[in-house]
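Trainee: Have a look at this one before I ask anything.
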Amino acid sequence: MTDNPTVYVTRTIPEVGLDRLRERFEVVVRDEKLPPTKDHVVSRLAELDAEGLVCLLSDEIDAAVLDASPDLSVVSTFSVGCDHVDLAAASARGIAVGHTPGVLTETTADLAWALLMTCARRTVEGHAYVADDEWETWGPTLLTGPDVHDATLGIIGLGNIGTATARRAAGFDMDVRYSGRSRKPEREDELAEFGIDATYVDRDELLAESDFVSLHVPLTEATAGLVDEAALRRMSEDAILVNTSRGEVVDTDALDAALATGEIARAGLDVTDPEPLPADHPLLRHAPERLVVTPHIGSASTETRNEMAEMVAACTEAGIDGEPLPHSALRDAGME
Ligand code: GLV
(Lines give C-alpha, C1' and ligand atoms only; values in the text may rest on other atoms or scores of the structure.)
Protein backbone atom coordinates (compact mmCIF):
# COMPACT_ATOMS: atom_id res chain seq x y z
CA MET A 1 0.00 0.00 0.00
CA THR A 2 1.14 3.55 -0.75
CA ASP A 3 0.16 6.71 1.13
CA ASN A 4 -2.23 7.57 -1.67
CA PRO A 5 -5.92 7.79 -0.76
CA THR A 6 -7.82 4.54 -1.25
CA VAL A 7 -10.74 4.14 -3.62
CA TYR A 8 -12.93 1.06 -3.33
CA VAL A 9 -14.66 -0.10 -6.53
CA THR A 10 -17.56 -2.49 -5.97
CA ARG A 11 -17.22 -4.19 -9.38
CA THR A 12 -14.91 -3.80 -12.28
CA ILE A 13 -15.57 -0.94 -14.71
CA PRO A 14 -13.89 -0.28 -18.08
CA GLU A 15 -10.10 -0.21 -17.74
CA VAL A 16 -9.79 3.38 -18.96
CA GLY A 17 -11.47 4.58 -15.73
CA LEU A 18 -9.48 2.27 -13.49
CA ASP A 19 -6.21 3.31 -15.14
CA ARG A 20 -7.01 6.94 -14.52
CA LEU A 21 -7.87 6.26 -10.88
CA ARG A 22 -4.66 4.23 -10.41
CA GLU A 23 -2.55 7.23 -11.44
CA ARG A 24 -3.44 8.95 -8.17
CA PHE A 25 -5.02 6.46 -5.83
CA GLU A 26 -4.69 3.06 -4.27
CA VAL A 27 -7.51 1.34 -6.15
CA VAL A 28 -9.12 -1.79 -4.71
CA VAL A 29 -11.46 -3.45 -7.18
CA ARG A 30 -13.84 -6.20 -6.12
CA ASP A 31 -13.47 -8.44 -9.14
CA GLU A 32 -16.73 -10.43 -8.95
CA LYS A 33 -19.62 -10.81 -11.38
CA LEU A 34 -22.42 -10.30 -8.87
CA PRO A 35 -23.04 -7.24 -6.68
CA PRO A 36 -21.63 -7.28 -3.13
CA THR A 37 -23.92 -7.32 -0.12
CA LYS A 38 -24.26 -4.03 1.67
CA ASP A 39 -22.46 -5.52 4.70
CA HIS A 40 -19.53 -6.43 2.48
CA VAL A 41 -19.24 -2.87 1.17
CA VAL A 42 -19.49 -1.48 4.69
CA SER A 43 -16.72 -3.74 5.99
CA ARG A 44 -14.42 -3.16 3.01
CA LEU A 45 -14.80 0.64 3.25
CA ALA A 46 -14.02 0.46 6.96
CA GLU A 47 -11.01 -1.88 6.57
CA LEU A 48 -9.57 0.26 3.79
CA ASP A 49 -10.32 3.67 5.34
CA ALA A 50 -11.51 4.46 1.85
CA GLU A 51 -11.80 8.08 0.75
CA GLY A 52 -13.63 7.24 -2.45
CA LEU A 53 -16.30 4.70 -3.38
CA VAL A 54 -17.07 3.79 -6.99
CA CYS A 55 -20.38 1.94 -7.19
CA LEU A 56 -22.93 0.67 -9.70
CA LEU A 57 -26.69 1.09 -9.86
CA SER A 58 -27.06 -2.38 -8.33
CA ASP A 59 -25.46 -1.25 -5.05
CA GLU A 60 -27.61 0.27 -2.35
CA ILE A 61 -25.75 3.23 -0.89
CA ASP A 62 -27.48 4.25 2.32
CA ALA A 63 -26.46 5.85 5.60
CA ALA A 64 -24.72 2.67 6.83
CA VAL A 65 -22.46 2.63 3.77
CA LEU A 66 -21.84 6.37 3.95
CA ASP A 67 -20.81 6.05 7.60
CA ALA A 68 -18.55 3.03 7.06
CA SER A 69 -15.33 4.94 6.56
CA PRO A 70 -14.75 8.19 8.46
CA ASP A 71 -12.64 9.41 5.55
CA LEU A 72 -15.19 8.82 2.81
CA SER A 73 -15.50 12.04 0.84
CA VAL A 74 -17.02 10.93 -2.47
CA VAL A 75 -19.34 8.30 -3.93
CA SER A 76 -19.16 8.09 -7.68
CA THR A 77 -21.80 5.98 -9.38
CA PHE A 78 -21.34 4.44 -12.82
CA SER A 79 -24.87 5.49 -13.85
CA VAL A 80 -26.93 8.57 -14.50
CA GLY A 81 -29.73 7.33 -12.21
CA CYS A 82 -29.12 7.83 -8.49
CA ASP A 83 -32.21 6.22 -6.99
CA HIS A 84 -29.91 3.65 -5.31
CA VAL A 85 -28.02 6.39 -3.42
CA ASP A 86 -29.47 8.14 -0.39
CA LEU A 87 -28.67 11.65 -1.63
CA ALA A 88 -30.10 13.37 1.45
CA ALA A 89 -27.89 11.26 3.73
CA ALA A 90 -24.82 12.01 1.58
CA SER A 91 -25.58 15.71 1.58
CA ALA A 92 -26.08 15.74 5.37
CA ARG A 93 -22.64 14.16 5.78
CA GLY A 94 -20.89 16.44 3.29
CA ILE A 95 -20.11 13.46 1.03
CA ALA A 96 -20.07 14.38 -2.66
CA VAL A 97 -21.95 12.18 -5.14
CA GLY A 98 -20.85 11.92 -8.76
CA HIS A 99 -22.85 10.37 -11.61
CA THR A 100 -22.74 10.15 -15.40
CA PRO A 101 -25.38 12.35 -17.05
CA GLY A 102 -25.28 13.45 -20.67
CA VAL A 103 -22.83 10.94 -22.04
CA LEU A 104 -25.36 8.12 -22.20
CA THR A 105 -28.28 10.16 -23.55
CA GLU A 106 -27.96 9.27 -27.22
CA THR A 107 -27.00 5.64 -26.55
CA THR A 108 -30.04 5.10 -24.35
CA ALA A 109 -32.32 6.79 -26.88
CA ASP A 110 -30.93 4.40 -29.50
CA LEU A 111 -31.99 1.46 -27.33
CA ALA A 112 -35.48 2.89 -26.75
CA TRP A 113 -35.79 2.94 -30.53
CA ALA A 114 -34.40 -0.56 -30.87
CA LEU A 115 -37.15 -1.81 -28.54
CA LEU A 116 -39.82 0.29 -30.23
CA MET A 117 -38.84 -1.02 -33.66
CA THR A 118 -38.47 -4.61 -32.56
CA CYS A 119 -41.88 -4.63 -30.88
CA ALA A 120 -43.55 -3.04 -33.91
CA ARG A 121 -41.82 -5.12 -36.56
CA ARG A 122 -41.57 -8.29 -34.49
CA THR A 123 -37.92 -9.00 -35.22
CA VAL A 124 -37.34 -11.20 -32.16
CA GLU A 125 -40.32 -13.37 -33.11
CA GLY A 126 -39.05 -13.41 -36.69
CA HIS A 127 -35.67 -14.66 -35.62
CA ALA A 128 -37.21 -17.40 -33.45
CA TYR A 129 -39.44 -18.41 -36.37
CA VAL A 130 -36.43 -18.91 -38.60
CA ALA A 131 -34.27 -20.55 -35.91
CA ASP A 132 -37.12 -22.92 -35.03
CA ASP A 133 -37.29 -24.01 -38.67
CA GLU A 134 -40.85 -22.79 -39.10
CA TRP A 135 -40.07 -20.70 -42.21
CA GLU A 136 -41.57 -22.71 -45.04
CA THR A 137 -42.61 -19.97 -47.43
CA TRP A 138 -43.24 -16.23 -47.80
CA GLY A 139 -46.50 -15.37 -46.03
CA PRO A 140 -48.93 -12.52 -46.87
CA THR A 141 -49.86 -11.98 -43.22
CA LEU A 142 -46.79 -13.46 -41.59
CA LEU A 143 -45.63 -11.43 -38.55
CA THR A 144 -47.46 -8.28 -39.51
CA GLY A 145 -47.35 -5.37 -37.10
CA PRO A 146 -48.04 -1.65 -37.00
CA ASP A 147 -46.21 0.94 -39.07
CA VAL A 148 -43.76 3.09 -37.20
CA HIS A 149 -43.74 5.92 -39.73
CA ASP A 150 -46.63 8.39 -39.44
CA ALA A 151 -47.57 6.96 -36.01
CA THR A 152 -47.93 8.93 -32.77
CA LEU A 153 -45.08 8.76 -30.28
CA GLY A 154 -45.84 9.68 -26.67
CA ILE A 155 -42.87 10.58 -24.48
CA ILE A 156 -43.41 10.57 -20.73
CA GLY A 157 -40.61 12.72 -19.30
CA LEU A 158 -39.04 15.10 -21.81
CA GLY A 159 -35.60 15.31 -20.20
CA ASN A 160 -32.33 14.61 -21.99
CA ILE A 161 -33.09 11.02 -22.98
CA GLY A 162 -36.77 11.70 -23.68
CA THR A 163 -35.81 14.56 -25.99
CA ALA A 164 -33.17 12.47 -27.78
CA THR A 165 -35.76 9.71 -28.25
CA ALA A 166 -38.30 12.23 -29.59
CA ARG A 167 -35.71 13.72 -31.96
CA ARG A 168 -35.24 10.36 -33.67
CA ALA A 169 -38.94 10.41 -34.60
CA ALA A 170 -38.16 13.06 -37.24
CA GLY A 171 -36.88 10.33 -39.53
CA PHE A 172 -40.22 8.55 -39.28
CA ASP A 173 -42.57 11.53 -39.78
CA MET A 174 -44.18 10.84 -36.45
CA ASP A 175 -46.53 12.99 -34.47
CA VAL A 176 -44.83 13.59 -31.09
CA ARG A 177 -46.60 14.31 -27.79
CA TYR A 178 -45.09 14.57 -24.38
CA SER A 179 -46.20 14.82 -20.79
CA GLY A 180 -44.42 15.65 -17.56
CA ARG A 181 -44.65 17.87 -14.53
CA SER A 182 -44.59 21.01 -16.66
CA ARG A 183 -44.42 22.21 -20.23
CA LYS A 184 -40.88 22.55 -21.55
CA PRO A 185 -40.72 25.32 -24.18
CA GLU A 186 -36.93 25.06 -24.50
CA ARG A 187 -37.21 21.34 -25.33
CA GLU A 188 -39.99 22.09 -27.81
CA ASP A 189 -37.69 24.65 -29.49
CA GLU A 190 -34.87 22.11 -29.58
CA LEU A 191 -37.15 19.58 -31.29
CA ALA A 192 -38.62 22.21 -33.64
CA GLU A 193 -35.13 22.57 -35.14
CA PHE A 194 -35.52 18.99 -36.30
CA GLY A 195 -38.97 19.63 -37.72
CA ILE A 196 -40.77 18.11 -34.75
CA ASP A 197 -43.79 19.87 -33.33
CA ALA A 198 -43.83 18.29 -29.87
CA THR A 199 -47.17 18.89 -28.20
CA TYR A 200 -47.51 19.05 -24.42
CA VAL A 201 -50.56 17.10 -23.31
CA ASP A 202 -51.74 15.70 -20.03
CA ARG A 203 -50.71 12.16 -19.29
CA ASP A 204 -54.14 10.62 -19.76
CA GLU A 205 -54.44 12.17 -23.20
CA LEU A 206 -50.97 10.98 -24.12
CA LEU A 207 -51.76 7.45 -23.02
CA ALA A 208 -55.03 7.41 -24.95
CA GLU A 209 -53.65 8.84 -28.18
CA SER A 210 -50.18 7.37 -28.59
CA ASP A 211 -49.32 4.35 -30.71
CA PHE A 212 -46.00 4.14 -28.86
CA VAL A 213 -45.49 5.27 -25.27
CA SER A 214 -41.86 5.62 -24.19
CA LEU A 215 -40.94 6.22 -20.54
CA HIS A 216 -38.09 8.57 -19.61
CA VAL A 217 -38.72 9.69 -16.04
CA PRO A 218 -36.29 9.18 -13.15
CA LEU A 219 -37.50 6.89 -10.37
CA THR A 220 -38.87 8.99 -7.52
CA GLU A 221 -41.74 8.63 -5.08
CA ALA A 222 -43.91 10.45 -7.60
CA THR A 223 -43.02 8.21 -10.56
CA ALA A 224 -43.00 4.79 -8.84
CA GLY A 225 -45.93 2.83 -10.27
CA LEU A 226 -46.81 5.66 -12.66
CA VAL A 227 -47.85 3.16 -15.32
CA ASP A 228 -50.44 1.30 -13.29
CA GLU A 229 -53.64 -0.56 -14.09
CA ALA A 230 -55.57 2.65 -14.80
CA ALA A 231 -52.82 4.02 -17.07
CA LEU A 232 -52.62 0.79 -19.04
CA ARG A 233 -56.40 0.76 -19.39
CA ARG A 234 -56.23 4.19 -21.01
CA MET A 235 -53.83 2.98 -23.70
CA SER A 236 -55.08 1.67 -27.01
CA GLU A 237 -55.19 -2.09 -27.49
CA ASP A 238 -52.79 -1.59 -30.42
CA ALA A 239 -50.32 0.47 -28.38
CA ILE A 240 -46.75 -0.48 -27.57
CA LEU A 241 -45.09 0.46 -24.27
CA VAL A 242 -41.32 1.00 -24.11
CA ASN A 243 -39.45 1.37 -20.83
CA THR A 244 -35.77 2.32 -20.66
CA SER A 245 -36.05 4.32 -17.41
CA ARG A 246 -36.49 2.24 -14.25
CA GLY A 247 -38.52 -0.94 -13.82
CA GLU A 248 -40.43 0.39 -10.81
CA VAL A 249 -42.05 3.10 -12.96
CA VAL A 250 -44.31 0.34 -14.31
CA ASP A 251 -46.53 -1.79 -12.08
CA THR A 252 -45.34 -5.25 -13.17
CA ASP A 253 -48.52 -7.09 -12.15
CA ALA A 254 -50.68 -4.56 -13.97
CA LEU A 255 -48.53 -4.91 -17.10
CA ASP A 256 -48.71 -8.68 -16.87
CA ALA A 257 -52.50 -8.47 -16.75
CA ALA A 258 -52.69 -5.92 -19.58
CA LEU A 259 -50.57 -8.15 -21.83
CA ALA A 260 -52.63 -11.22 -20.88
CA THR A 261 -55.96 -9.57 -21.69
CA GLY A 262 -54.72 -7.71 -24.77
CA GLU A 263 -55.34 -4.31 -23.18
CA ILE A 264 -52.12 -3.18 -24.89
CA ALA A 265 -50.43 -4.87 -27.83
CA ARG A 266 -46.82 -5.24 -26.72
CA ALA A 267 -44.12 -4.03 -24.38
CA GLY A 268 -40.39 -3.58 -24.84
CA LEU A 269 -38.57 -3.38 -21.53
CA ASP A 270 -34.91 -2.71 -20.83
CA VAL A 271 -35.67 -2.31 -17.13
CA THR A 272 -37.90 -4.46 -14.97
CA ASP A 273 -39.21 -4.82 -11.47
CA PRO A 274 -37.75 -7.04 -10.13
CA GLU A 275 -34.35 -6.68 -11.69
CA PRO A 276 -32.84 -9.01 -12.73
CA LEU A 277 -36.04 -10.66 -13.99
CA PRO A 278 -35.76 -14.42 -13.33
CA ALA A 279 -36.43 -16.65 -16.34
CA ASP A 280 -39.42 -18.22 -14.55
CA HIS A 281 -41.05 -14.85 -13.83
CA PRO A 282 -44.72 -14.86 -14.96
CA LEU A 283 -44.14 -11.80 -17.15
CA LEU A 284 -41.85 -13.79 -19.42
CA ARG A 285 -44.65 -16.11 -20.52
CA HIS A 286 -45.66 -13.26 -22.90
CA ALA A 287 -42.30 -13.30 -24.68
CA PRO A 288 -41.61 -12.90 -27.51
CA GLU A 289 -45.09 -12.41 -29.03
CA ARG A 290 -46.11 -9.63 -26.67
CA LEU A 291 -42.97 -8.85 -24.75
CA VAL A 292 -39.31 -8.22 -25.50
CA VAL A 293 -36.92 -7.79 -22.57
CA THR A 294 -33.28 -6.73 -22.57
CA PRO A 295 -31.10 -6.80 -19.42
CA HIS A 296 -30.76 -3.08 -18.59
CA ILE A 297 -28.35 -2.29 -21.41
CA GLY A 298 -29.53 1.23 -22.29
CA SER A 299 -26.07 2.77 -22.03
CA ALA A 300 -24.20 -0.31 -23.22
CA SER A 301 -22.20 0.90 -26.19
CA THR A 302 -18.47 0.40 -25.78
CA GLU A 303 -17.75 4.07 -26.33
CA THR A 304 -20.36 5.28 -23.86
CA ARG A 305 -19.31 2.83 -21.15
CA ASN A 306 -15.69 3.95 -21.58
CA GLU A 307 -16.73 7.59 -21.29
CA MET A 308 -18.79 6.77 -18.21
CA ALA A 309 -15.71 5.16 -16.63
CA GLU A 310 -13.69 8.34 -17.30
CA MET A 311 -16.44 10.48 -15.78
CA VAL A 312 -16.58 8.30 -12.69
CA ALA A 313 -12.81 8.68 -12.29
CA ALA A 314 -12.99 12.47 -12.79
CA CYS A 315 -15.73 12.78 -10.15
CA THR A 316 -13.75 10.64 -7.71
CA GLU A 317 -10.64 12.78 -8.19
CA ALA A 318 -12.55 16.01 -7.65
CA GLY A 319 -14.33 14.64 -4.57
CA ILE A 320 -11.11 13.49 -2.92
CA ASP A 321 -9.45 16.81 -3.80
CA GLY A 322 -12.37 18.69 -2.21
CA GLU A 323 -13.16 20.35 -5.54
CA PRO A 324 -16.64 20.75 -7.09
CA LEU A 325 -17.51 17.58 -9.01
CA PRO A 326 -17.79 17.86 -12.79
CA HIS A 327 -21.07 15.90 -12.56
CA SER A 328 -22.62 16.25 -9.15
CA ALA A 329 -25.83 14.37 -8.41
CA LEU A 330 -26.42 16.59 -5.37
CA ARG A 331 -26.18 19.71 -7.51
CA ASP A 332 -28.48 18.20 -10.12
CA ALA A 333 -30.98 17.32 -7.38
CA GLY A 334 -30.84 20.90 -6.00
CA MET A 335 -29.15 19.71 -2.78
CA GLU A 336 -25.87 21.56 -3.13
C1 GLV B 1 -28.77 3.41 -16.25
O2 GLV B 1 -29.88 3.03 -16.05
C3 GLV B 1 -28.23 4.56 -15.62
O4 GLV B 1 -28.86 5.13 -14.71
O5 GLV B 1 -27.09 4.94 -15.97
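Trainee: With N denoting the number of residues in the stretch 231-299, provide Rg(C-alpha) divided by 2.2 N^0.38 Å, to two decimal places. Don't jump to the answer; show the numbers that get you there.
Mentor: Numbers: Rg = 11.0 Å, N = 69, 2.2 N^0.38 = 11.0 Å.
Ratio of Cα Rg to 2.2 N^0.38 Å: 1.00.
Trainee: A further question on this structure: For the stretch 19-150, what log10 I(q)/I(0) values come out of the Debye formula at q = 0.09, 0.16, 0.17, 0.18 1/Å, with one point per alpha carbon and no solvent?
Mentor: -0.48, -0.84, -0.91, -0.98
Trainee: Is there a quick way to get the dipole size of the stretch 105-293? I mean about its Cα centre, with the Cβ of Lys and Arg at +1 and of Asp and Glu at -1; what is the value in debye to the nearest 20?
Mentor: 300
Trainee: Placing +1 at every Lys and Arg Cβ and -1 at every Asp and Glu Cβ, with all other atoms neutral, what dipole size does the chain have around its Cα centre, in debye to the nearest 20?
Mentor: Values: 27 positive and 63 negative charges, 26 e Å.
It comes to approximately 120 debye.
Trainee: Dividing the alpha-carbon radius of gyration of the stretch 16-65 by 2.2 N^0.38 Å (N being the number of residues), what value is obtained? Provide the component values of the computation, followed by the final result.
Mentor: Numbers: Rg = 11.3 Å, N = 50, 2.2 N^0.38 = 9.7 Å.
That ratio works out to 1.16.
Trainee: Which ³J(HN,Hα) values in Hz, rounded to whole numbers, follow from the phi angles of the stretch 253-268 under the Karplus curve 6.51 cos²θ - 1.76 cosθ + 1.60, where θ = phi - 60° and Gly and Pro get x?
Mentor: Result, rounded to whole Hz: 5, 5, 5, 4, 5, 5, 6, 5, 8, x, 5, 10, 6, 7, 9, x.
Trainee: Here's something else I'd like to know. Would you mind getting me the FRET efficiency between Asp197 and Thr2? Use the beta-carbon distance for r and R0 = 41 Å, nearest 0.05.
Mentor: Numbers: r = 58 Å, r/R0 = 1.43.
For R0 = 41 Å, the calculated efficiency reads 0.10.
Trainee: As I understand it, the value is the acute angle between the Cα axis of helix 38-48 and the longest principal axis of the Cα atoms of the chain; what does it come to in degrees, rounded to 10?
Mentor: The answer is roughly 30 degrees.
Trainee: Determine the percent antiparallel among the DSSP beta bridges restricted to the chain, to the nearest 5. All intermediate terms of the calculation are to be shown ahead of the outcome.
Mentor: Details: 1 of 39 bridges.
Rounded to the nearest five, the antiparallel share is 5 percent.
Trainee: Can you give me the accessible area per residue for the chain, using a 1.4 Å probe, in Å²?
Mentor: 47
Trainee: Follow-up question, since we're still on this one. Using a 7 Å offset from the Cα along the Cα-to-Cβ direction at both Glu136 and Glu289, what is the distance between the two label points in nm, to one decimal?
Mentor: Taking the simple label geometry, Glu136 and Glu289 are separated by 1.8 nm.
Trainee: Work out how much length Ala208 to Ala64 would gain on full extension: take 0.36 nm times their residue separation and subtract the Cα-Cα distance, in nm to one decimal.
Mentor: Extra length available between Ala208 and Ala64 comes to 47.4 nm.
Trainee: Something else about it: Which order do the peptides 171-178, 208-215 take when ranked by the mean count of other beta-carbon atoms within 10 Å per residue, highest first? All intermediate terms of the calculation are to be shown ahead of the outcome.
Mentor: Details: 171-178: 18.8, 208-215: 24.1.
With the highest mean Cβ count within 10 Å placed first, the list reads 208-215, 171-178.
Trainee: When the helices in the chain are scored as -39500 (n - 2.57) per DSSP H run of 4 or longer and the sum is shared across all residues, what 222 nm value do you end up with, to the nearest 500 deg cm²/dmol?
Mentor: -10000 deg cm²/dmol
Trainee: Quick one: pull the percent of accessible area on the stretch 29-70 belonging to carbon and sulfur, 1.4 Å probe, ligands and nucleic acids left out.
Mentor: Working: 1050 of 2120 Å².
Ligands and nucleic acids excluded, carbon and sulfur give 50 percent.
Trainee: How many nm is it between the label spots at Val16 and Val29, if each spot is 7 Å from the Cα in line with the beta carbon?
Mentor: 1.5
Trainee: Count the net charge of all other residues whose Cβ sits under 15 Å from the Cβ of Asp62, scoring Lys and Arg as +1 and Asp and Glu as -1. Write out the running numbers ahead of the final one.
Mentor: Working: positive: Lys38, Arg93; negative: Asp39, Asp59, Glu60, Asp67, Asp83, Asp86.
Computed value for this residue: -4.
Trainee: Where in the stretch 64-82 is the amide nitrogen less than 19 Å from a point lying 7 Å along the Cα-to-Cβ axis of Glu221?
Mentor: Counting backbone N atoms under 19 Å from the label point, the list is 82.
Trainee: When DSSP assigns beta bridges and you keep just the ones with both residues in the stretch 105-293, what percent turn out antiparallel, to the nearest 5?
Mentor: On the way: 0 of 23 bridges.
Among the beta bridges of the stretch 105-293, antiparallel pairing accounts for roughly 0 percent.
Trainee: For helix 105-121, report the angle its Cα long axis makes with the longest principal axis of the Cα atoms of the chain; keep it between 0 and 90° and round to the nearest 10°.
Mentor: It is inclined by approximately 30 degrees.
Trainee: Rg and Dmax of the stretch 105-293 over Cα atoms: what are they, in angstrom?
Mentor: Just the Cα atoms of the stretch 105-293 yield Rg and Dmax of 16.2, 52 Å.
Trainee: Given the C-alpha centroids of the stretch 268-330 and the stretch 216-239, what is the distance between them in whole angstrom?
Mentor: 20
Trainee: Which far-off residues, 5 or more places away or on another chain, put their amide H under 5 Å from the one on Leu291, with H placed in the peptide plane?
Mentor: Amide H neighbours of Leu291, under 5 Å, 5+ apart: Ala267.
Trainee: Still on this structure, I have one more. When the Cα centres of the stretch 193-208 and the stretch 112-175 are compared, how far apart do they sit, in Å?
Mentor: 19
Trainee: By per-residue mean of other Cβ atoms within 10 Å, what is the highest-first order of 258-266, 33-41? Don't skip to the answer; put the middle values down first.
Mentor: On the way: 258-266: 18.9, 33-41: 13.7.
Ranked by mean Cβ neighbours within 10 Å, highest first: 258-266, 33-41.
Trainee: Hey, rough spin-label estimate for Glu47 and Ala257, points 7 angstrom out along Cα→Cβ, what's it come to in nanometres?
Mentor: Going from the Glu47 label point to the Ala257 one covers 4.8 nm.
Trainee: Could you work out how far helix 302-321 tilts from the main Cα principal axis of the chain, as a 0 to 90 degree angle to the nearest 10?
Mentor: So the inclination is approximately 30 degrees.
The values are calculated or read from the model by the stated rules, or taken from the named source; none is laboratory data. Since the structure is predicted, the reported quantities are computational estimates derived from the model, not experimental observations. Positions of Cβ are generated from backbone atoms using ideal geometry, with glycine treated the same way; all protein chains shown enter the neighbour counts. Surface areas here come from the heavy atoms of the whole protein model, side chains and all, with no ligands, DNA or RNA. Shrake-Rupley method; radii C 1.70, N 1.55, O 1.52, S 1.80 Å.
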